[in-house]
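Trainee: Here it is, the structure, as structure tokens.
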Amino acid sequence: MLELNDLSKRFGRRVALDGVSLSVGEEEILALLGPTGAGKTTALRCVAGVEKPDRGSVTLRGEDVTRTSPMFRDLAMVFEGFNLIPVLNTFDNIAFPLRSPVHQSPEEDIRKMVTKAAADLHIDHLLDRPVEKLSGGERQRVAIARALVRRPAAYLLDEPLSALDLKLREELRVELRALHRSHRSAILYATNDYHGAAALGDRIALIDGGRIVQTDTLATLIDHPQHVLVGKLIGSPSMAVLNATSRDGGVAIDGTDHVVSYAELGIAAPAGGQVKLGLWPEVIELADHELAGALQGTVQASEFRGLERVVQVELGGQTFRKTVATSFDATFGRPCWMRFPAARMFVFDGETGVRIGKAAPDLAKR
């Protein structure tokens with residue numbers, strides 16, 4: 001349906017996109033997840049035609065549209081800043097794309113389509129109101145309705161919920177999912193919010209520094225992360241990543257005397273000395289009392305979340321976060337004990353961040 005092929009874009013000396021390739025399938029939501037400045041907006045603007053890539057191409061329904069005017073690309077985009085027209089009321093803002101020279105529709109049809117889109121987003125009672133008198137959440141719904149009012153080949157959503165409060169973001173995620181089920185169009189959804197990507201994306205493409213790190217379903221990203229950045233970009237809390245040093249027979253966690261053997265990790269000896277060990281917090285055993293054979297750390301911070309809390313733990317000068325029960329004694333500076341299951345550890349190259357794979361079966365037997 002929608003393909004980005006080796007897109008590259010520079011702004012002066014800054015590399016915004018560096019060989020980005022993605023494919024969004026028919027009826028699929030692909031979440032493009034990355035931190036601020038990762039290249040998400042530039043990628044969407046290149047797809048929309050607002051920016052011209054220095055290299056690469058954009059294909060829509062099998063047709064190369066890289067040099068096609070934005071007006072003639074069958075796309076609809078929701079911008080982070082709403083981009084509403086202040087002199088128009090809610091109805092006319094939503095109707096705006098239906099009155100363009102390319103997609104001009106009869107006024108009777110426009111009224112029906114606008115009313116339907118507004119009702120889907122629960123803003124049909126605001127159609128006569130000036131957009132300048134709407135709340136932030138209402139303006140966001142208007143912006144989304146303006147994109148959804150017609151049925152393009154694909155939708156481009158650029159962090160459409162980032163300016164909203166948590167409760168409203170959660171509500172709109174549910175509504176966007178419901179609308180997608182009824183519209184069944186391809187959606188490229190850019191966000192820096194892991195929860196939004198997890199809730200909406202059929203697949204997630206992780207981007208950082210203008211490069212795609214890995215693209216897959218959330219389950220596969222969790223089970224088979226191919227780069228240390230995967231662990232840093234997904235999860236809540238995110239992956240515990242500990243610096244470690246490869247030595248004879250195994251890997252030692254920096255700041256501790258704890259060594260995990262290559263056999264336990266299921267890998268051959270890494271080529272470089274510095275590595276990173278990654279564990280999803282859910283597999284770490286953490287207690288506020290002594291555990292046999294456990295490493296001792298210190299509670300550094302605590303965040304209460306109602307039925308649970310998140311604690312930040314310090315171990316050998318390194319930190320990670322984990323969700324625990326509210327009964328856990330999270331007093332600042334208090335000792336805590338942890339066990340790391342070696343079989344659930346991921347090993348990443350200390351310099352490149354690329355995952356170091358398991359040893360070949362014949363090598364592991366030697």
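Trainee: Of the conditions (1) farther than 28 Å from GLU351 by Cα; (2) within 26 Å of the chain's Cα centre (by Cα), LEU286 satisfies every one except a single condition; which number is it?
Mentor: (2)
Trainee: Starting from residues that are assigned to a strand (DSSP E or B) and in contact with a helix residue (DSSP H, G or I) (Cβ under 9 Å, 6 or more places away or on another chain), keep the ones in the range 339-357 and report whichever is surrounded by the fewest Cβ atoms within 10 Å (Cβ to Cβ).
Mentor: Restricting attention to the range 339-357, the residues satisfying the condition of being assigned to a strand (DSSP E or B) are 339, 346-349, 354-355.
Still in the list and also in contact with a helix residue (DSSP H, G or I) (Cβ under 9 Å, 6 or more places away or on another chain): 346-349, 354-355.
Values: PHE346: 23, VAL347: 23, PHE348: 24, ASP349: 17, VAL354: 13, ARG355: 21.
That would be VAL354.
Trainee: Of (1) under 29 Å from the mean Cα position of the chain (by Cα); (2) farther than 19 Å from PRO160 by Cβ, VAL78 satisfies all except one. Which?
Mentor: In the conditions (1) under 29 Å from the mean Cα position of the chain (by Cα); (2) farther than 19 Å from PRO160 by Cβ, VAL78 misses (2) alone.
Trainee: Another question, if that's okay. Do you know which residues across the range 150-166 are at pLDDT 80 or above, surrounded by fewer than 24 Cβ atoms within 10 Å (Cβ to Cβ) and of a type outside the set (Gly, Ala, Ser)?
Mentor: Listed by number, the residues that qualify are ARG150, ARG151, PRO152, ASP158, GLU159.
Trainee: What are the residues in the range 173-229 that are among the small types (Gly, Ala, Ser), farther than 19 Å from PRO35 by Cβ and surrounded by fewer than 17 Cβ atoms within 10 Å (Cβ to Cβ), if any? Spell out the reasoning first.
Mentor: The initial filter retains those residues of the range 173-229 that are among the small types (Gly, Ala, Ser), namely 178, 182, 185-186, 190, 196-199, 201, 205, 209-210, 219.
Next, only the ones that are farther than 19 Å from PRO35 by Cβ stay: 178, 182, 185-186, 219.
Matches in the range 173-229: ALA178, SER182, ALA219.
Trainee: Continuing with this model, one more query. Could you give every pair whose Cβ atoms fall below 8 Å, whose first residue belongs to the range 132-144 and is charged (D, E, K, R), and whose second residue is part of a helix (DSSP H, G or I) and at pLDDT 90 or above, counting only separations of at least 6 or pairs across chains?
Mentor: Sorted first by the residue in the range 132-144, then by its partner, the pairs are GLU138/LEU126; ARG139/VAL131.
Residues are listed down the side, and each one gets a yes or a no for (1) at pLDDT 90 or above; (2) more than 27 Å from ARG73 (Cβ to Cβ); (3) assigned by TED's automatic domain parsing to the domain that holds GLU171; (4) not in a helix (DSSP H, G or I):
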| residue | (1), (2), (3), (4) |
| --- | --- |
| PRO97 | no, no, yes, no |
| LYS112 | yes, no, yes, no |
| ASP128 | yes, yes, yes, yes |
| GLU138 | no, yes, yes, no |
| ARG141 | no, no, yes, no |
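Trainee: Residues in the range 114-126 that are surrounded by 21 or more Cβ atoms within 10 Å (Cβ to Cβ) and not in a helix (DSSP H, G or I): how many?
Mentor: 2
The values are calculated or read from the model by the stated rules, or taken from the named source; none is laboratory data. Because the structure is a prediction, the values reported are computed rather than measured. Note that each Cβ is placed from the backbone with ideal geometry, even for glycine, and that neighbours are counted across all protein chains shown.
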